[in-house]
Amino acid sequence: MTDEISDYVVDARIDVGLCNVFVQHTSASLIVSQNADIDVRRDIETFMSDLVRDGDRRFVHDQEGPDDMPAHIRCMLTQTTLTIPIRNGRCALGTWQGIFLWEHRLAPHERHILVTLSS
């Protein structure tokens, strides 16, 4: 999502401000993570999958399948909102930082992201 959000900020022509990104769902989250090596995202997914396992029989809520409640818990443990500073008309991300939508469900879902800019 880094490129899409960065383009949105540039198009807004705000020199200094804040970019708030919000995912309107309870089974996906937003993260800022290292963006140079795809293995980082795979390792994060492996860690979280070990921490909160799909199909865990302790969970009663499974209306949408065995990943239903685990996806909600993963979302709760991460974040649904990011605030990124805008400096010199651009997102002030570090060299290796990227913005990612992290899907916590096994199958892809349509997701809605709300981006709000303020100067």
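The values are calculated or read from the model by the stated rules, or taken from the named source; none is laboratory data. What you are looking at is a predicted structure, and each value in this text was computed from that prediction instead of being measured. Here the Cβ positions follow ideal geometry from the backbone for every residue, glycine too, while neighbour counts run over all protein chains shown.
No other residue among Ile31, Ile44 is part of a strand (DSSP E or B) and under 26 Å from Arg105 (Cα atoms) apart from Ile31.
Of everything in the range 7-65 that is touching a Cys at 6+ places or on another chain (Cβ under 8 Å) and not hydroxyl-bearing (Ser, Thr, Tyr), the residue that is surrounded by the most Cβ atoms within 10 Å (Cβ to Cβ) is Cys19. Does Thr95 satisfy the criteria of being under 13 Å from the mean Cα position of the chain (by Cα) and not small (Gly, Ala, Ser)? Spelling it out, it is not the case that Thr95 is under 13 Å from the mean Cα position of the chain (by Cα) and not small (Gly, Ala, Ser). Every condition in (1) surrounded by 17 or more Cβ atoms within 10 Å (Cβ to Cβ); (2) part of a loop (DSSP other than H, G, I, E, B) holds for Arg74 except the one numbered (2). Scanning the range 63-101 for residues being of a type in the set (Ser, Thr, Tyr) and touching a Leu at 6+ places or on another chain (Cβ under 6 Å) gives a total of 1. Restricting Leu101, Leu82 to residues that are surrounded by 14 or more Cβ atoms within 10 Å (Cβ to Cβ), touching a Lys or Arg at 6+ places or on another chain (Cβ under 7 Å) and in a strand (DSSP E or B) narrows the list to Leu101.
Yes or no, residue by residue, for (1) touching a Ser or Thr at 6+ places or on another chain (Cβ under 7 Å); (2) touching a residue at least 12 places away in the same chain (Cβ under 8 Å); (3) among the β-branched types (Val, Ile, Thr):
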residue	(1), (2), (3)
Ile5	no, yes, yes
Val16	yes, yes, yes
Ala28	no, yes, no
Ile31	yes, yes, yes
Ile38	no, no, yes
Ile44	yes, yes, yes
Arg53	no, yes, no
His61	no, no, no
Gly98	yes, yes, no
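Do we find that Pro66 is within 17 Å of the chain's Cα centre (by Cα), over 16 Å from Thr2 (Cα atoms), outside any strand (DSSP E or B) and not aliphatic (A, V, I, L, M) in this structure? Judged against the criteria, Pro66 is not a match.
Take the residues of the range 88-119 that are out of contact with any strand residue (DSSP E or B) (no Cβ under 9 Å at 6 or more places or on another chain) and more than 18 Å from Val40 (Cα to Cα): which is modelled with the lowest pLDDT? By that ranking, first place goes to Pro108.
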